[in-house]
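Bear in mind that the values in this text are calculations on the coordinates, not laboratory data. Every value quoted in this text rests on a predicted model; they were computed, and no experiment measured them. Every residue, glycine among them, receives a Cβ derived from its backbone with ideal geometry; neighbour counts consider all protein chains shown.
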Amino acid sequence: MTPEPIALYCVERMNDFREELPSDIREKQRMAVRAHNRRMDLLIVVFFGLGFAAQEIIRACALSLGIAILIADILFVIYTMLVLIPRADWKYCLKIEFVCPSCSKPLYYQSSAFGPKSSLITRGACPHCGYSFVTLSSA
Ligand SMILES: [Zn+2]
C-alpha cells in the first residue's frame, strides 16, 4: 500500500464541477487555462534565462551588473505575475467571450498551486457575482 501524494488528496476532496459546466463554458475554461499556462511557461523561461545571464556576467567579474540584472529579473517576475498575466488573462476571456452572462465579467480566475479554487470549478458559479452554471441534481 503506497500513500497518495498530499496535494492530489487535497484536490480530490475538493468539489469539482468542471465536467458539469455547459460544454461551451467548459471548452472556453480549458482554453483560458491553456493560455494562462503558456504565459506562465514563457515567464519561467525568461526568468531562468535572465538568471543564467546574470550568473555568467557575475562570473565574468561584473558583480554589480550581475546583481542588478538579478534584482531586475525578480522584480520583473513579480510584476508580470501580479499585473501583466492577470491582465492578459482578463483580456483573453473577453476575446473568446468567456464571460458571465449575468455580470459580463471574465470567468477565468487564476487557481493556485494548491488546487482548483475558482468558484467556477468548486461550485459551478461565477467568481464575481455567484451566477450558477450548473443545476444541482440529487441523483
Ligand atoms: Zn457573474
key: Rh (Kirkwood; distinct C-alpha pairs) - the range 62-114, Å   = 13.3
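What is the magnitude of the charge dipole of the range 22-122 about its Cα centre, with +1 placed on the Cβ of each Lys and Arg, -1 on the Cβ of each Asp and Glu, and no other charges, expressed in debye to the nearest 20? Spell out each step's value before the answer.
Details: 12 positive and 7 negative charges, 57 e Å.
Approximately 280 debye in magnitude.
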key: Most to least packed among 70-79, 24-33 [average Cβ atoms within 10 Å]   = 24-33, 70-79
query = How much length, in nm to one decimal, is gained on full extension between Arg123 and Val83, taken as 0.36 nm per residue of separation minus their Cα-Cα distance?
reply = 11.8 nm
request  = Lys and Arg at +1, Asp and Glu at -1: add these up for the other residues within a Cβ distance under 9 Å of Tyr108 and post the number.
outcome  = 0
note = Amide H proximity to Ala125 below 5 Å, modelled H, separation 5+ or other chain, gives Leu120, Phe133
query = How many angstrom separate the Cα center of the range 67-107 from the Cα center of the range 12-54?
reply = 12
task = Answer with one residue from Pro22, Ile71, Ala60: the one whose Cα lies farthest towards the positive end of the charge dipole of the range 22-122, charges on Cβ with Lys, Arg +1 and Asp, Glu -1.
result = Pro22
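When the expected Rg is taken as 2.2 N^0.38 Å, what fraction or multiple of it is the alpha-carbon Rg of the range 22-122?
Cα-based Rg divided by the globular estimate yields 1.40.
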inquiry  = Could you give the length gained by full extension between Glu27 and Ile58, i.e. 0.36 nm per residue of separation minus their alpha carbon distance, to one decimal place?
reply    = 6.5 nm
note = Along the dipole axis of the range 22-122 (charges at Cβ: +1 for Lys and Arg, -1 for Asp and Glu; origin at the Cα centre), the most positive-end residue among Trp90, Leu50, Ser104 is Ser104
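Taking Cα pairs under 8 Å and at least six residues apart, what relative contact order does the range 22-122 come out at, in percent? Don't skip to the answer; put the middle values down first.
Values: 67 pairs, mean separation 25.5, N = 101.
RCO, the range 22-122: 25 percent.
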